Amino acid sequence: FLTISPLICLLLILIIGVSHGSLDNLKGKKLFQIFGIKNFFFIFYLSYILISIIVVIFWIIIPSITLVTFLIVASHHFGKEDTQFLIIENSYQNQLLFFLKGMLVILAPMYFHFDETVSIFKLLLIENESFYKFLNMIETNKIILFSIILSTFSSITLFTKNFELKKFIIFLDYFSILIINYFFTPLVAFTIYFCFLHSVRHSISLMFELDKNDLINGFKIFTKKALPLTILTATFCLIGFYLLNTTYSFDSSILKIIFIGLASLTFPHILLEYLLEKNEKQRN
């Protein structure tokens, strides 16, 4: 299967992937206005960084539990963000369907490249033998395949429910994820998905929010507003990489930065979106 240097994957994720969450400071400003909290700059950035650090600490102390929690949360996040613009109804059933749909991002690399996926988990400080026995059990008993079939049915359900032509995007997502995971290594497949399917789409929607009439102007505003958090994130990642590289190999350090780093950013990002969405609904 096809591979690309882990360094290129890291650079793509830092430049394209991370930027889709780089307007979290603007979302945080909205949330703080709703709560009537002052000292936005200090409290927001301190809270965001503290949550990220706590996630990293949890990963060091209980890595297998933190990894499983991250994969569950990421599955729902990917399924929801990739699909919710097509679905009006925000029911519990749809939340479950989003989770099952997003689960394909996690399951596909395990199905097509099980041993390499396990190798990545081992490089992410996961040393719990029971965890790997469990993975071998679900792989041997075809549970991964069964879960992929379940994810397939969730995509079909979301596609057929209140059908609209634009919902063909759901199947484009589905087949794209399977194809890139079949042909590429798990790291490269995830990079392609995260940067060019997940992040780009979300970034474009943010550009439209910034200027509904002129996408090019929206892109310019987005780039300008996204720079502070993107640079801050890249700086922390490079510092982390420098520190890790004194103990671990070059590629191993990059993998830790990509996945543990993304986990530390995903939790505050999702928490912020949840609080903002919940409080905006209450106000309306």
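Table for the structure above
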item: Extreme residue, most open to solvent (accessible area, probe 1.4 Å), among residues of segment 193-209 that are out of contact with any Phe, Trp or Tyr (no Cβ under 7 Å at 6 or more places or on another chain) and without any contact (Cβ under 8 Å) to a residue 40 or more places away in the chain; result: E209
item: Check on T185, at pLDDT 90 or above, crowded, with 21+ Cβ neighbours inside 10 Å and touching a Leu at 6+ places or on another chain (Cβ under 6 Å); result: no
item: Residues within segment 79-128 that are of a type in the set (S, T, Y), open to solvent by less than 50 Å² (accessible area, probe 1.4 Å) and in contact (Cβ under 8 Å) with a residue 24 or more places away in the chain, tallied; result: 2
item: Those residues of segment 209-232 which are assigned to a helix (DSSP H, G or I) and acidic (D, E), in sequence order; result: E209
item: Pick from segment 131-151, criterion of a type outside the set (F, W, Y), assigned to a helix (DSSP H, G or I) and without any contact (Cβ under 8 Å) to a residue 24 or more places away in the chain, ranking: least open to solvent (accessible area, probe 1.4 Å); result: I138
item: Any hit, segment 215-222, residues being within 22 Å of K80 (Cα to Cα) and polar (S, T, N, Q); result: no
item: Subset of segment 220-263 (residues that are among the hydroxyl-bearing types (S, T, Y), open to solvent by 30 Å² or more (accessible area, probe 1.4 Å) and within 20 Å of I204 (Cβ to Cβ)); result: T223
item: Within segment 23-68, considering residues that are open to solvent by 40 Å² or more (accessible area, probe 1.4 Å) and of a type in the set (S, T, N, Q), the one farthest from the chain's Cα centre (by Cα); result: N39
item: Restricting segment 1-44 to residues that are of a type in the set (S, T, N, Q) and modelled with pLDDT of 85 or more, the residue that is nearest to C195 (Cα to Cα); result: S5
item: Given (1) more than 23 Å from F99 (Cα to Cα); (2) among the hydrophobic types (A, V, I, L, M, F, W, C); (3) open to solvent by 50 Å² or more (accessible area, probe 1.4 Å), number of the condition I156 does not satisfy; result: (1)
item: Scope segment 159-177; condition part of a helix (DSSP H, G or I), within 22 Å of H202 (Cα to Cα) and open to solvent by 60 Å² or more (accessible area, probe 1.4 Å); matching residues; result: L165, K166, F168, L172, F175
item: Checklist (1) over 14 Å from the mean Cα position of the chain (by Cα); (2) at pLDDT below 95 applied to K80, failing item; result: (1)
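Per-residue answers, yes or no, for (1) in contact with a Gly (Cβ under 7 Å, 6 or more places away or on another chain); (2) under 28 Å from L265 (Cα atoms); (3) not small (G, A, S):
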position	(1), (2), (3)
F168	no, no, yes
L187	no, yes, yes
H198	no, yes, yes
R201	no, yes, yes
S205	no, yes, no
L210	yes, yes, yes
G218	no, yes, no
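The values are calculated or read from the model by the stated rules, or taken from the named source; none is laboratory data. Remember, predicted model here, so these are calculated numbers, not experimental data. Positions of Cβ are backbone-derived with ideal geometry, glycine not excepted, and every protein chain shown enters the neighbour counts. Accessible surface areas use protein heavy atoms only, side chains included; no ligands, DNA or RNA. Shrake-Rupley method; radii C 1.70, N 1.55, O 1.52, S 1.80 Å.
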